[in-house]
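Okay, so here's the structure we're looking at.
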Amino acid sequence: MKKISLLAASAVFVLCSCMTGANGGNMGNVLGSILGAATNTNTIGNILYDVIGYNKLSQADLVGNWSYYQPGCAFTSENLLAKAGGHIAAQRAKEEMAPTYQKLGISANNTYFQFSEDGRFTGKVDGQTLSGTYTFNPNDQSIQMKTLLLNLKGYVNRNPQGISLLFESKKLLSVLQTVAAISGNSTLNTVGELTKNYDGLRIGLDLKR
């Protein structure tokens, strides 16, 4: 806990230092507030959820019904999070994905999953039914999901409200194209563009019970 807390605080400190040098003292006051927030216990608690596998789940934690409530994203390691602006980049990616998801029609009413103890899952994404089998690896928090049309490796990450189901951006794009039976849609292509500059960021769906 202490290690990643210091990394998170250091990352924001570096960002603040760089931006203060470029924009002068007034900007420093604003960024000082950001630094203060980043060293706040509650904020640091949220930052910890930005790293896949830091708060590990078991398969028993995964079992149950989960509904979409917002875009999800997390970094694959502490080192990537610790880069200047790592937490801010993750939050920005969520903000950028939200209107794209809305255009696709993804909502709590039409996007949800049910994971069973026997390794099967059912659900819908944008109203399109998915069902098949899954294998969860508690060591690296990876999940392999197989349907008739898809064979995907993703990650499950704990978040303050529940879990996140996350993929590489290209794989998420494949999911959306398959379930919606759409190819070359400009809105869908935007999903693939969102994280190309965010090294090690995985994106997907935040889910809650």
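Does Gln144 satisfy being within 14 Å of Ser67 (Cα to Cα), open to solvent by 30 Å² or more (accessible area, probe 1.4 Å) and within 19 Å of the chain's Cα centre (by Cα)?
No: the conditions fail for Gln144.
Can you give me the ranges of the strands (runs of 3 or more DSSP E) entirely in the range 106-209 with at least 3 residues that are under 23 Å from Gly53 (Cβ atoms) and modelled with pLDDT of 95 or more?
Output list reads 128-137, 142-146, 151-159, 162-167, 201-208.
From the set of residues in the range 57-105 that are open to solvent by 50 Å² or more (accessible area, probe 1.4 Å), among the aliphatic types (A, V, I, L, M) and at pLDDT below 95, which is nearest to Arg202 (Cα to Cα)?
Filtering the range 57-105 for residues that are open to solvent by 50 Å² or more (accessible area, probe 1.4 Å), among the aliphatic types (A, V, I, L, M) and at pLDDT below 95, the one nearest to Arg202 (Cα to Cα) comes out as Ile88.
What are the pairs with Cβ atoms under 7 angstrom where one residue, in the range 126-141, is in contact (Cβ under 8 Å) with a residue 40 or more places away in the chain and the other, located anywhere, is in a strand (DSSP E or B) and of a type in the set (Gly, Ala, Ser)? Sequence gap at least six, or different chains.
Close Cβ pairs satisfying both conditions: Leu130/Gly123.
The values are calculated or read from the model by the stated rules, or taken from the named source; none is laboratory data. Bear in mind that the values here come from a model prediction, so they are computed numbers and not experimental data. Virtual Cβ from ideal backbone geometry, glycine too; neighbours counted across all protein chains shown. What goes into the accessible areas is simple: the full protein's heavy atoms, side chains included, and nothing from ligands, DNA or RNA. Shrake-Rupley method; radii C 1.70, N 1.55, O 1.52, S 1.80 Å.
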